[in-house]
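Notes for the one structure printed next.
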Amino acid sequence: MNFRKRVGTEQIGLQLAPMIDVIMFLLSFFLLTWNLARYEADLEVKIPKAKNGEMPRRLPGEVIINITKDGQVNLNHRVVSAQELEEIIKGVIQQYPDQAIIIRADEETSYKEVIKVLDVCRGVNAWNIAFATNRPDMTSSR
């Protein structure tokens, strides 16, 4: 048998097309999720800082309630009344009983306005309520 050695004519190369596809997919995924997360947080609300805290469990259909310093209650960048808020929370709690209701109140909001939202949550048996805060070293609100 006569075996011949291959001469180095074949070069091993890196396939760029599949790598570019994966990078574009990841880029589009992160851009879409970043925009959705930004949509949840009302930029006019400057939340207070806390040294200790946990990230709440995130489930589909979660409700983030923003309370501005003048007492307006916003949900999805829309001002809602107490009755509308109650209906929305009731619908979420029926589908996801353990879902956290996240309250993002401005640090200058009166305590009375936060209590009104808590009363609405309590009225529809929402027991898993979380308050959004920032760590002291963070400069922007989340």
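Annotations
- Bridge type composition, the range 63-131 - antiparallel percent by DSSP, nearest 5: 25
- Stretchable slack from D98 to A17, in nm (0.36 nm times residue separation minus alpha-carbon distance): 24.8 nm
- Packing-based order for 77-88, 19-30, using average beta carbon neighbours within 10 Å, highest first: 77-88, 19-30
- Close amide H partners of I65, meaning residues 5 or more places away or on another chain with modelled amide H under 5 Å apart, are I102, I103, R104.
- Theoretical gain in end-to-end length, F29 to N2 [0.36 nm per residue, Cα-Cα removed]: 4.2 nm
Bear in mind these aren't lab numbers, they're just calculated from the coordinates by the rules spelled out. Source: prediction; values computed, not measured. FYI the Cβ positions are ideal-geometry reconstructions off the backbone, even for glycines, and counts take in every protein chain you see.
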